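Asker: To start, I am sharing the structure in question, which I have written as structure tokens.
Since every read-out is calculated from the coordinates, none of them should be taken as a lab result. These figures come from a predicted structure and were not determined experimentally. All Cβ positions, even for glycine, are placed from backbone atoms using ideal geometry, and neighbour counts span all protein chains on display.
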Ligand SMILES: [Zn+2]
């Protein structure tokens, strides 16, 4: 892959990473030991009625699932950045073929080519 293209991809990955980290930071704390693990903060609503508690639990559960999704994206982005460092970026993890540039432009953290994803 050309250096220019990789540079563009790297920038776009860094940008995505920043956006996701900000999003995660809005409702979760980063684990200080691993730096890759985030923990959603338990929401504390005003008042302390039973109804509020049920809402809190519900809110917390939905935060946990968002946290999982974002955390996974972050890991994929990190993995992609690592591949750029190791000069193995852009190869499908399933069949080993090159992933098309069009696909990488839309989804720079893609691990699989469009044939394998189906
Ligand atoms: Zn493939």
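Asker: Restricting to region 70-99, count the residues that are within 14 Å of the ligand (Cβ to nearest atom), surrounded by 15 or more Cβ atoms within 10 Å (Cβ to Cβ) and at negative phi.
Answerer: Residues flagged as within 14 Å of the ligand (Cβ to nearest atom), surrounded by 15 or more Cβ atoms within 10 Å (Cβ to Cβ) and at negative phi within region 70-99 amount to 3.
Asker: Filter region 100-118 down to residues that are part of a helix (DSSP H, G or I), within 10 Å of the ligand (Cβ to nearest atom) and within 19 Å of the chain's Cα centre (by Cα), then give me how many there are. If you could, list the steps in order and put the result at the bottom.
Answerer: Narrowing region 100-118 to residues part of a helix (DSSP H, G or I): 101-106, 114-117.
Restricting the remaining residues to those that are within 10 Å of the ligand (Cβ to nearest atom) gives 114-117.
The next check asks that each one be within 19 Å of the chain's Cα centre (by Cα); those that pass are 117.
So the answer is 1.
Asker: A further question follows. Considering only residues that are touching a residue at least 24 places away in the same chain (Cβ under 8 Å), more than 13 Å from the chain's Cα centre (by Cα), under 30 Å from residue 99 (Cβ atoms) and outside any helix (DSSP H, G or I), which ones fall in region 1-59?
Answerer: Answer for region 1-59, where residues must be touching a residue at least 24 places away in the same chain (Cβ under 8 Å), more than 13 Å from the chain's Cα centre (by Cα), under 30 Å from residue 99 (Cβ atoms) and outside any helix (DSSP H, G or I): just 1.
Asker: I need the full set of residues from region 24-53 which are surrounded by 14 or more Cβ atoms within 10 Å (Cβ to Cβ) and touching a helix residue (DSSP H, G or I) at 6+ places or on another chain (Cβ under 6 Å), in order please.
Answerer: 24, 27, 28, 38, 40, 43
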